[in-house]
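Colleague: Once you've had a glance at the structure underneath, I'll fire off some questions.
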Amino acid sequence: ALPRDLEGRRVVVSAGGTREPLDPVRYLGNRSSGKQGYALARTAVQRGAEVTLVAAATVSLPDVAGASLVRVGTAEELREVMHRTAADADIVVMAAAVADFRPTDRATYKIKKTDRDPDPIALTRNPDILAELVQSRVNGQVIVGFAAETGDSAGDVLEHARAKLKRKGADLLVVNAVGEGKAFETEDNSGWLLSADGSERAVALSSKSHMASDIWDAIVALIEA
Ligand code: C5P
């Protein structure tokens, strides 16, 4: 049986990838399936937490029983919901893949094909929601980020990840090596858990729900420390 060590804790988990519209039918998106975020929400419910799952474009995943679901589309919508729900959460987990850029203009009507090449798509930076949540952190709140890193070696990946943990100010960073069939749209996951206190631990390739248990173990350890 799972431990009930999240009993009474209010948890917000974001999952999936944001979609940034170009026109009513097209968007810029990413390959996040939402599976890791959903596994985190499911495990948190099983361990006794009160869970809000904020889902960006996770159309084909079954609902998480016992969690309240808020669907969002764009990074801007995700940002609004995260700020509102994080305000009274004990733990915030940003597992969503947030688009770093959005098309500057959203066409009202579908962009028409013409007989010349289209204009380039102008992009605008999206805010870093995780960094903002750290800025507005409420007392004692634990904030967890994810990092999908590519690199030639585990050493490269970890070096990028340590810098990211510092830069963003999160308490825990879940690091996945991505690329060539790793992590995105797969059933399994592997990586490292880096804590702000300097502790690091590798997570061997396993199911996303196994990974979720390891992540909750690390979060509970932070709360108890
Ligand atoms: O910098 P990078 O995109 O690799 O950071 C990943 C982490 O930051 C994830 O936890 C993601 O949810 C979060 N993020 C965010 N807002 C952005 C970009 C990333 O909250 N605009």
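All of the numbers you see were taken from the coordinates with simple rules; none came from a lab. Note that the coordinates shown come from a computational prediction; the quantities given were computed from them, not determined experimentally. Note: ideal-geometry Cβ built from the backbone for every residue, glycine included; neighbour counts use all protein chains shown.
Colleague: Please report the spacing between the Cα centers of segment 93-111 and segment 1-58 in Å, no decimals.
Modeller: Rounded to whole Å, the Cα centres lie 18 Å apart.
Colleague: Report the FRET efficiency, 1/(1 + (r/R0)^6), for residue 125 and residue 186, where r is their Cβ-Cβ distance and R0 is 30 Å, rounded to 0.05.
Modeller: 0.55
Colleague: If you consider only alpha-carbon coordinates, what radius of gyration and Dmax does the chain have, in Å?
Modeller: According to the Cα coordinates of the chain, Rg and Dmax are 17.9, 64 Å.
Colleague: Same structure, new question: Take every DSSP beta bridge whose two residues both sit in the chain, then give the antiparallel share in percent to the nearest 5.
Modeller: Working: 16 of 43 bridges.
So the antiparallel bridges amount to about 35 percent of the total.
Colleague: Using the Kirkwood radius over C-alpha pairs as Rh, can you work out the diffusion coefficient of segment 62-161 via Stokes-Einstein at 37 °C, viscosity 0.692 mPa s, in µm² per second?
Modeller: It comes out at roughly 194 µm²/s.
Colleague: Debye sum, Cα scatterers, segment 107-147, no solvent: what log₁₀ I/I(0) at q = 0.16, 0.21, 0.27, 0.34 1/Å?
Modeller: For segment 107-147, the Cα-only Debye profile gives -0.64, -0.79, -1.05, -1.22.
Colleague: How big is Rg to Rh over segment 126-177, alpha-carbon atoms, Rh as the Kirkwood inverse-mean-distance radius?
Modeller: In segment 126-177, Rg relative to Rh is 1.02.
Colleague: Next question, about the same structure. Just to be sure I understand: of the beta bridges DSSP finds with both ends in segment 130-216, what percent are antiparallel, rounded to 5?
Modeller: Antiparallel bridges make up about 65 percent of those DSSP assigns within segment 130-216.
Colleague: Please work out the Cα center distance from segment 142-159 to segment 196-215, rounded to the nearest Å.
Modeller: 12
Colleague: Can I ask one more? Using the crude model of +1 on Lys and Arg Cβ and -1 on Asp and Glu Cβ, and no other charge, please compute the dipole size for segment 90-225 relative to its Cα centre, in debye to 20.
Modeller: Charge dipole, segment 90-225, about its Cα centre: 620 debye, nearest 20.
Colleague: Would you mind working out the magnitude of the charge dipole of segment 1-83 relative to its Cα centre, with +1 at each Lys and Arg C-beta and -1 at each Asp and Glu C-beta, to the nearest 20 Debye? The partial results should precede the final answer.
Modeller: On the way: 11 positive and 9 negative charges, 56 e Å.
About 260 debye.
Colleague: When you count, for each residue, the other Cβ atoms within 10 Å and take the mean per peptide, how do 158-167, 72-81 rank with the highest first?
Modeller: 72-81, 158-167
Colleague: What is the list of residues in segment 66-91 whose amide nitrogen lies under 13 Å from a point 7 angstrom out from the Cα of residue 132, following Cα to Cβ?
Modeller: Those under the cut-off are 74-87.
Colleague: On to the next question. Taking the alpha carbon gyration tensor of segment 44-93, what are the square roots of 5 times its eigenvalues, largest first, to the nearest whole Å?
Modeller: Working: eigenvalues 66, 52, 8 Å².
Result for segment 44-93: semi-axes of 18, 16, 6 Å.
Colleague: Once all Cα-Cα distances of segment 1-77 are split into 5 Å bins that start at 0, what whole-number percent is in each one?
Modeller: 3, 17, 25, 20, 14, 10, 5, 3, 2, 0
Colleague: Relative contact order (percent) for segment 70-225, with alpha-carbon contacts under 8 angstrom and 6 or more residues of separation? All intermediate terms of the calculation are to be shown ahead of the outcome.
Modeller: Values: 193 pairs, mean separation 26.1, N = 156.
Once normalised by length, the contact order is 17 percent.
Colleague: I would also like to ask the following. Subtracting the Cα-Cα distance from 0.36 nm times the residue separation, let me have the gained length for residue 224 to residue 154 in nm, one decimal.
Modeller: 22.2 nm
Colleague: Between residue 163 and residue 77, what FRET efficiency comes out of the Förster formula 1/(1 + (r/R0)^6) with R0 = 22 Å and r the beta carbon distance, rounded to 0.05?
Modeller: Calculated value: 0.15.
Colleague: Taking +1 at the Cβ of each Lys and Arg and -1 at the Cβ of each Asp and Glu, which of 131, 216, 142 sits farthest along the dipole of segment 111-225 towards its positive end, judged by Cα position relative to the Cα centre?
Modeller: 131
Colleague: In segment 133-225, which chymotrypsin sites (Phe, Trp or Tyr not before Pro) fall in coil by DSSP and have 13 or fewer other Cβ atoms within 10 Å?
Modeller: When the chymotrypsin sites (Phe, Trp or Tyr not before Pro) of segment 133-225 are filtered for loop state and at most 13 Cβ neighbours within 10 Å, nothing remains.
Colleague: Next question. Which one of 54, 203, 177 is farthest out on the positive end of the charge dipole of the chain, using unit charges on Cβ (Lys, Arg +1; Asp, Glu -1) and the Cα centre as origin?
Modeller: So the residue furthest toward the plus end is 54.
Colleague: Can you show me the helix-derived [θ] at 222 nm for the chain, built from DSSP H runs with n ≥ 4 at -39,500 (n - 2.57) apiece and divided by the number of residues, rounded to the nearest 500.
Modeller: -9000 deg cm²/dmol
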